1. So which residues in segment 165-184 are of a type in the set (S, T, N, Q) and modelled with pLDDT under 95, if there are any at all?
2. Could you tell me which residue of segment 40-64 is farthest from the chain's Cα centre (by Cα), considering only residues that are part of a loop (DSSP other than H, G, I, E, B) and surrounded by 14 or more Cβ atoms within 10 Å (Cβ to Cβ)?
3. How about segment 378-397: which of its residues are buried (at least 21 other Cβ atoms within 10 Å of the Cβ) and farther than 15 Å from Ser342 by Cα?
4. Determine whether segment 122-144 contains at least one residue that is out of contact with any helix residue (DSSP H, G or I) (no Cβ under 6 Å at 6 or more places or on another chain), part of a helix (DSSP H, G or I), at pLDDT below 95 and closer than 18 Å to Pro74 by Cα.
5. So, in segment 358-415, of the ones that are outside any helix (DSSP H, G or I) and in the same structural domain as Ala441 (by TED's automatic domain parsing), which residue ends up farthest from the chain's Cα centre (by Cα)?
Amino acid sequence: MSEVQDLMSSLPDDKIDMIAATSVLQQQAGDIRQNKPNWSSYMQSMMISQEDFACVSSLDKDKKSQAQYLQENPSQCAKTFLNLLAHVSKDQTIQYILVMIDDLLQEDRTRVQVFHDYAIKRKESVWAPFLNLLNRQDGFIVNMASRVVGKLACWGQELMPKSDLHFYLQWLKDQLTVANNEYIQSVGRCLQMMLRVDEYRFAFVTVDGISTLISILSSRVNFQVQYQLVFCLWVLTFNPLLAEKMNKFNVIPILADILSDSAKEKVTRIILAVFRNMIEKPEDLQVAKEHCIAMVQCKVMKQLQILEQRRFDDEDIAADLEFLIEKLQNSVQDLSSFDEYSTEIKSARLEWSPVHKSAKFWRENAQRLNEKNYELLRILVHLLETSKDPLVLSVASYDIGEYVRHFPRGKHVIEQLGGKQLVMQLLAHEDPNVRYEALLAVQKLMVHNWEYLGKQLEKDNEKAPPTGATISGKA
């Protein structure tokens, strides 16, 4: 369906599925396979039909017999599984049925079409029986049902309908945020599958999926979850529009931090692949340039040079390193002081870089902060309101003061954006550096006001008649 799917098809499945194989879900599935239900008792108690008993008994045998029966009776197999899910209520049996279905699909991806064809023929939803199971209390049932839904959605010819897709992606996103979720790797695995399909990517964005991924990555999670969630970002960036929007979610600073801290090669490899896509995939060359500058600003270049000295068995890492180093070096050469400043503000990681204290910079560029409907000023004001970092608050206060000092209408603009009130609140901040910079900014706001008033008085004096003269000009 897309470039990433072609790329993924070249990767061995055992590599891709290694995560799932070591997950809690797969460990539990191994135990569940050993506890075969007594299908005869279900039939004798008339909980399942003779037809369904014959089918499930045939499927619950060795692989060879199972494959032959499935090939000869595909419609009956789909019918029986769906009947069992509808009529059996015992958690232990539902668990076993779901493991059977998952195993059948994992063994041969084309078997998802058996379920789709049956549902189409009967004019029924293939999704409803499995999505309903997401409401169960049993964690294994919920997550194995989710795994089956992901395979049905990604391995068949029919795409998931929008309403079901929205529900499922919202559910996956919410599961990522569940505290101490022991099934988080399984949730990540489902997302890895879903986001390889281009048609599902924008749906994930609409449920605020990217922000959730970034939020989790910015907290302390183990390297396996890091890898899975960065993998999700990687497949998203194969869509040019999403590659262009990606850093609006602060992706580059977060991944730059992980890159500098991670000792795992797989995490390094996938982050470099995301960075490469963010430069290579956008159709807007200006956006690609901004991404390069953002990487330079976030000290990615230094990390790339460190990595360049290491030996990697993976050829992709070497190729991505070479590509990124070349692009970032070129962007440094083309970098103007305003580009550098703009990128720093957008990264929300303010520090005392040279541009802030450069009088020449402010003389030449203060007015440019008005561009794009005061985009940079709005970010500065937002940082004053939301940041807990004393360094960020200090630099933002200083910049607002310098803007006001060098742009004639700056005081009015800052007041309109709510900046003046926020700066004044910082006069009571616990950090002495924040208080100092806030005080300077307030002084500049007030001095600007007096300078403006002084100029108005001068103009009024010029227009006023000489002392002792009347309006008519007669003494």
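1. Those that are of a type in the set (S, T, N, Q) and modelled with pLDDT under 95: Thr177, Asn180, Asn181.
2. Here is the first cut: in segment 40-64, the ones part of a loop (DSSP other than H, G, I, E, B) are 45-49, 60-62.
From the residues that got through so far, the ones that are surrounded by 14 or more Cβ atoms within 10 Å (Cβ to Cβ) too are 47-49, 60.
Working: Met47: 45, Ile48: 45, Ser49: 47, Asp60: 41 Å.
Within segment 40-64, the match that is farthest from the chain's Cα centre (by Cα) is Ser49.
3. Within segment 378-397, Leu384, Leu393, Ser394, Ser397 qualify.
4. yes
5. Ranking the candidates gives Pro408 first.
The values are calculated or read from the model by the stated rules, or taken from the named source; none is laboratory data. Since we're looking at a predicted model, the values are computed, not measured. So basically every Cβ, Gly included, is an ideal-geometry build from the backbone, and we count neighbours across all protein chains shown.
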